[in-house]
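Written below as structure tokens is the structure these notes are about.
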Amino acid sequence: MSKQKLRIGLPKGSLQDSTLGLMEKAGFRFTTVERSYYLNCDDEEIEARLVRAQEMAPYVQNGHFDAGITGLDWILETNAKVQRVADLVYSKATMRKARWVLAVPEASAIQKPSDLDGMTVATEVVNLARRYFRRHGVRPRIEFSWGATEIKAPEFVDAIIDITETGSSLRANGLRIVDTILETWTQLIANREAWREAWKREKIESIALLLQAAISAEGRVGLKLNVRVADLDQVVKILPAITSPTISHLKDERWVAVETIIEETTVKKTLPALRKAGAVGIVEYPLNKVIE
């Protein structure tokens, strides 16, 4: 039994389900303890706890956790001094970056940040907002928002700064984006003292590698197929791959086995094209991790 433990914080709230799903795909299965913020992990070297992403970076900085997962936005908002280990580009709904945007009601006359001088802006990221407006030489009144920020304009405030992945929620609430103040994504971070410890650093780097491999596998599938040597060039032209397909000669020298990885969205077009080009024994299989 290993006596060494890595204390890791995982985000509670909107990122919780997607993070636990990603961790499981990376090989770490967590189970929640009823009515508790503590998590059990099938890796005996990991102790885990759920905390809000907004609070994660300061807790990691102060050594309550050796590592944690949170957004770049909350690292910058809290000005936490942590080691940024790896970019993990996923969010609660998509596998892409999110944006903090300045938005106003559709009918508003506001067209640019300078139009907000002396007006009121609501947001959860007060420090980011202050820095943003300072860069633009503007001095609005910035109010902290406890949530549901998109419903506060125009009745309570003139504008909002809110996070969005697709912009659909803002449009649904009659809001128009004026500017993007920050593009953000999830990151694996580490306490700087823990990062200097050899065992903890190696453990954190291993987790980072597996998480990034799980993200790389998202939306991709593996393909195996057999093809006559005479038809190989035509088949290879159809197959997009990370580098190039793996080609193995079979016992019958007239045939080869081909294996590759493709985007799942292309399967419906690729498989019929492969069959038409002479491929047989085509097998599609799911991927958990891809290390590039």
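The values are calculated or read from the model by the stated rules, or taken from the named source; none is laboratory data. Everything quoted here is computed from the prediction, not taken from an experiment. So basically every Cβ, Gly included, is an ideal-geometry build from the backbone, and we count neighbours across all protein chains shown.
General observations
- From 129, 153, residue being in a loop (DSSP other than H, G, I, E, B) and surrounded by 21 or more Cβ atoms within 10 Å (Cβ to Cβ): 153
- Among the residues of this structure, residue 122 counts as one that is among the small types (Gly, Ala, Ser) and in contact with a helix residue (DSSP H, G or I) (Cβ under 7 Å, 6 or more places away or on another chain).
- Per the conditions (1) buried (at least 20 other Cβ atoms within 10 Å of the Cβ); (2) of a type outside the set (Asp, Glu); (3) closer than 24 Å to residue 75 by Cβ, the sole criterion not satisfied by residue 134 is (1).
- Those helices (runs of 4 or more DSSP H) lying entirely in the stretch 1-80 with at least 3 residues out of contact with any Gly (no Cβ under 9 Å at 6 or more places or on another chain) and of a type outside the set (D, E, K, R): 16-26, 72-78
- Hey, residue 104 modelled with pLDDT of 95 or more, outside the structural domain of residue 205 (by TED's automatic domain parsing) and part of a strand (DSSP E or B) or not: yes
- Listed by position, the strands (runs of 3 or more DSSP E) inside the stretch 156-237 whose residues that are under 30 Å from residue 289 (Cβ atoms) and out of contact with any Phe, Trp or Tyr (no Cβ under 9 Å at 6 or more places or on another chain) number at least 2 are 186-190, 220-228.
- Selection status of residue 96, modelled with pLDDT under 95 and of a type in the set (D, E, K, R): yes
Yes/no per residue for (1) of a type in the set (S, T, N, Q); (2) assigned by TED's automatic domain parsing to the domain that holds residue 197; (3) in contact with a Phe, Trp or Tyr (Cβ under 8 Å, 6 or more places away or on another chain):
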| position | (1), (2), (3) |
| --- | --- |
| 14 | yes, yes, no |
| 31 | yes, yes, no |
| 36 | yes, yes, no |
| 54 | yes, yes, yes |
| 62 | yes, yes, no |
| 67 | no, yes, no |
| 109 | no, no, no |
| 116 | no, no, yes |
